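Each remark here refers to the structure printed beneath this line.
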Amino acid sequence: MDANVLIAALLRDSTTRKLITMGGMDLHAPEYLFEEIQAHSEELRDRSGLSASGLAEAVRILRAYVTEHSEADYEGHLDRALTTLRGTRLSN
């Protein structure tokens, strides 16, 4: 999951939010994703119309559906990921 998906779920009661909370998917994100959300919390409050506590609660709820990974979890897989991406580009 990237920040755009999480932000979409925070901003409105949308299909994205429903997919995260009821879709039964195994969602993963880097742990810094939630730090990024926190860094932009004022803008997100303004855009969503939520209070600070309302936004914090929404983040808490959505966070429960996401497995967070530290950089160390994926650090050793970068070469394989880049190789896979290069192969995907070549076949398209």
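Every number in this text was worked out from the coordinates using simple rules, so none of it is lab data. These figures come from a predicted structure and were not determined experimentally.
A few comments on the model shown:
- Solvent-free Debye scattering, log10 I(q)/I(0), computed from the Cα coordinates of the chain at q = 0.19, 0.20 Å⁻¹: -0.91, -0.97
- Selected from Gly54, Gly23, Gly76 as most flexible by GNM, with the chain as the system and alpha-carbon contacts under 10 Å: Gly76
- Relative contact order [Cα under 8 Å, 6+ residues apart], the chain, whole percent: 33
- Segment Gln38-Met22, extension gain: residue separation times 0.36 nm, minus the distance between their alpha carbons: 3.4 nm
- Gaussian network model of the chain, springs between alpha carbon atoms under 10 Å - residue of Arg17, Arg47, Arg80 with greatest fluctuation: Arg80
- Computed [θ] at 222 nm, deg cm²/dmol, the chain (DSSP H ≥ 4; -39,500 (n - 2.57); rounded to nearest 500): -20000 deg cm²/dmol
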